[in-house]
Amino acid sequence: MSVLLVLPIALPLLAAAVAIIAYNQRTVQRIIAVGALIAVVIDAAFLLVAVERDGVQSIQVGAWAAPIGITLVVDMFSALMLIISMVTVLSVLIYAIGQPGVDQDQPVFHPVYLVMTAGVALSFTTGDLFNLFVAYEITLAASYVLITLGGRREQIRSGMTYIIINLLASTLFVVGIAWVYAATGTVNMADLAVKIAQLPAGTQTALSMFLLVVFGIKAAIFPLFFWLPDSYPTARMPVTAVFAGLLTKVGVYSIIRTQTLLFPQHVPSTILLVCAGLTMVIGVLGAIAQNDMKRILSFHIVSQIGYMILGLGLFSVAGVAGTVFFIFHQIPVKTALFLATGLVEESTGSTALSKVGGMIRRTPLVAGLFLLAALSLAGIPPFSGFVGKLGIIQAGFSAGEYAIVGVSLLVSLLTLFSMIKIWNGVFLGTAEDPTLRLAASTGETRLSTPVLMRGATVALVGVTLAVALFAGPIFDLSERAAQSLLDPSDYIEKVLG
Amino acid sequence: MTQRRSVILDLCVQAEFHTLLLLSLYLLFAGHNQPGGGFAGGLVASCAFGLRFVAGGGQALSRSISIPPTTFLGVGMLFAILTGCVSLLSGHEFLESAILSVDLMVIGKVKTSSVLFFDIGVYLVVLGMSLLVLEQLGEADGSDPDEVQP
């Protein structure tokens, strides 16, 4: 059993080690990276089955007993996050192998990508607050390399913003951990859940607000989101896609974990709901103001984070279940949208709405893929986004929070509007800027992209459709995840024994 | 652009280079119970190569070590993670440590912890990283200070 929990972290790191030894043998690197990630996906599936059958799984690394040593622990929420993120990471890796100029002339791409995967897996499986910080640092150190890979001018400039803001957030995180440790004498999360409850109410609120700010920066919640739309779009497309799909969600995961396990309802619900509403509205308004696919989608990352915080802010099983399902749907959908955008960029050389046009005739496949993912993002039935939003909105109605429900419905409409804007600009119509090489060719030419890139995008869109198809069972699992988040007695018992 | 090398610095570095490497190995092995360890040992070894670099530039560095730094990094990571995996495969927890005692004929009975292998990994990663930094810094000036200018 302990092998299952260790593999998602150990395998990518092992593969990274081998990949960096095989520095200039790209084929070896590719085989190792893909092989390791396939194994991790299978492992995550076994973990999900084990958690579904036997409840929370945990191991003590180095056999040091719980409050002292580092605990790896997987509950239903972690298991769901782990499997969907590993499937996404695998698809993006295959896409990156297919795209010319991503890994070919970058010997460090595969090792760094694998290290980032290990960091993400560790964030989802660790049961120790300080180890969560370590996981963040592993992920971030790798992401600093990935976001500046290629070293173009604007990449370095916005990479600096990204690095500085994340270093700042990491510093605050360590300070927060120090305060938590000073107040309780432990950093094991299960142990903290017991000990924080005994602290004075004021201390609890202060600690929980502080950690909310730290993870709020990582998750790009209003008003701490400003760095994201600036830095993400400059990286290579597979990198942007995997960041968009995963990294902010790791922040949201940490918010949910800390605000349910460590500080149950210590941040007033109103604060979370107001933050959620503003994140949704500002994000979507920012998206509407943009004229480039990548930038529009980057603002939508922010906007969608609002829904996740909304479900959490309700602090009910239905609300948190909606959030868990929503994140589960959002990771592949967001990534798939960026991958489809990457296909447009690869075949035309641009993602600006004014420069690209009429893609539906030239690459009907890409248009179809984008349409499916975009409708899902906007929450149109019967796609997966609809199920997630429906869950959150129903929970909002039963909690009597009509104002925020109204806001979220409005934001859905605006999301649909900006998706239609991309659709009209890029897939219908014609290019307005005749200087582009695309426009120089006749309007009816079919454009082609490498088969691996298309294959990976098709696979990921297939995953999002599968999420919609199996929405019932997945929503049941999300409900169980929510129950165990709001009543963590099983979690605490399994860790502390 | 060829700068003249400082003969005194050069000779001193050559004299202490191997001593520093020995010291780094001592720190590596002593680290389990005494001050030292893989990280400290790796830093001292990095200093030894750093001095080589200061005295003779990138050329002297590449002459004193022919294995690419990335190999150090990779092998170090392999050591560290495989230490954890070996304990896992032998039926214990991931990264669980054990006391090893080996009878080396001349030296006698040596007792050490399996953590040593993890430390060796850390040592190699630190060294590899430093060498990589030195290599990148050393790339800018491709001239060889040893070349005699007429």
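Just so it is clear, none of the values below were taken in a lab; they were calculated from the coordinates. No experiment lies behind these values; they were computed from the predicted model shown. Glycine gets a Cβ as well: all are built from the backbone with ideal geometry, and neighbour counts include every protein chain shown.
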**For B:Ser113, residues with placed amide H under 5 Å, excluding near neighbours** = B:Leu100
**Item:** Backbone HN-Hα couplings from phi across region A:32-47 [Karplus 6.51/-1.76/1.60, Hz, Gly and Pro as x]
**Value:** 5, 5, 5, x, 4, 6, 4, 4, 5, 4, 4, 4, 5, 5, 4, 4
**Request:** Identify which of B:Leu21, B:Leu51, B:Leu100 has the largest mean-square fluctuation in a Gaussian network model of chain B, with springs joining Cα atoms closer than 10 Å.
**Result:** B:Leu100
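Filter the cross-link list A:Lys355/A:Lys389; A:Lys249/A:Lys355; A:Lys334/A:Lys421; A:Lys218/A:Lys334; A:Lys249/A:Lys389 down to pairs whose alpha-carbon distance in this structure exceeds 27 Å. Before the final figure, lay out each step's value.
Numbers: A:Lys355/A:Lys389 33 Å; A:Lys249/A:Lys355 32 Å; A:Lys334/A:Lys421 17 Å; A:Lys218/A:Lys334 17 Å; A:Lys249/A:Lys389 17 Å.
A:Lys355/A:Lys389; A:Lys249/A:Lys355, as the Cα separations exceed 27 Å there.
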**Request:** Hey, can you grab everything whose amide H is under 5 Å from the amide H of A:Thr126? Only 5+ residues off in sequence or another chain; H modelled, so Pro and N-termini drop out.
**Result:** A:Val73
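Across peptide B:71-79, what mean number of C-beta atoms from other chains lies inside 10 Å of a residue's C-beta? The partial results should precede the final answer.
Values: counts 4, 2, 6, 9, 4, 2, 10, 7, 1.
Counting Cβ atoms of other protein chains within 10 Å of each residue's Cβ and averaging gives 5.
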**Peptides A:359-369, A:466-476 ordered by average Cβ neighbours within 10 Å, highest first** = A:359-369, A:466-476
**Long-range amide H partners of A:Asp292 with built H, under 5 Å** = A:Leu353
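Do any trypsin sites (Lys or Arg not before Pro) in region B:1-79 lie in a DSSP loop with no more than 16 other beta carbon atoms within 10 Å, and if so, which? Could you put the intermediate results ahead of the total?
Details: sites: B:Arg4, B:Arg5, B:Arg52, B:Arg63; in loops: B:Arg4, B:Arg5.
Answer by residue number: B:Arg4, B:Arg5.
What does the structure give for A:17-28 when I average, per residue, the other chain Cβ atoms found within 10 Å of the residue Cβ? Walk me through the numbers on the way to the answer.
Working: counts 12, 4, 3, 12, 9, 3, 6, 2, 0, 0, 0, 0.
Partner-chain Cβ atoms within 10 Å, mean over residues of A:17-28: 4.
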**Message:** With just the Cα atoms defining each centre, how far is region A:17-78 from region A:350-370? Give it in Å.
**Reply:** 38 Å
**Item:** C-alpha long axis of helix A:201-219 to longest principal axis of chain A, angle in °
**Value:** 20 degrees
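What is the mean number of Cβ atoms from other protein chains located within 10 Å of the Cβ atom of each residue in peptide B:89-99, rounded to a whole number? Write down the numbers at each step before the final one.
Details: counts 1, 0, 1, 3, 10, 14, 8, 5, 3, 0, 0.
Averaged over the peptide's residues, the number is 4.
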**Message:** Spelling out what I want: for every residue of region B:12-27, take phi, set θ = phi - 60°, compute 6.51 cos²θ - 1.76 cosθ + 1.60 (Karplus), and round to whole Hz; glycine and proline get x.
**Reply:** 4, 4, 4, 5, 8, 3, 6, 4, 4, 4, 4, 4, 5, 5, 4, 4
**Message:** Show me, for region B:82-97, the HN-Hα J-couplings you get by feeding each phi into the Karplus relation (A = 6.51, B = -1.76, C = 1.60, θ = phi - 60°), rounded to Hz, glycine and proline as x.
**Reply:** 5, 4, x, 5, 4, 5, 5, 6, 8, x, 10, 6, 4, 6, 5, 9
**Fill in**
If one compares the long axis through the Cα atoms of helix A:471-486 with the longest principal axis of the Cα atoms of chain A, the angle in degrees, nearest 10, works out at 40 degrees
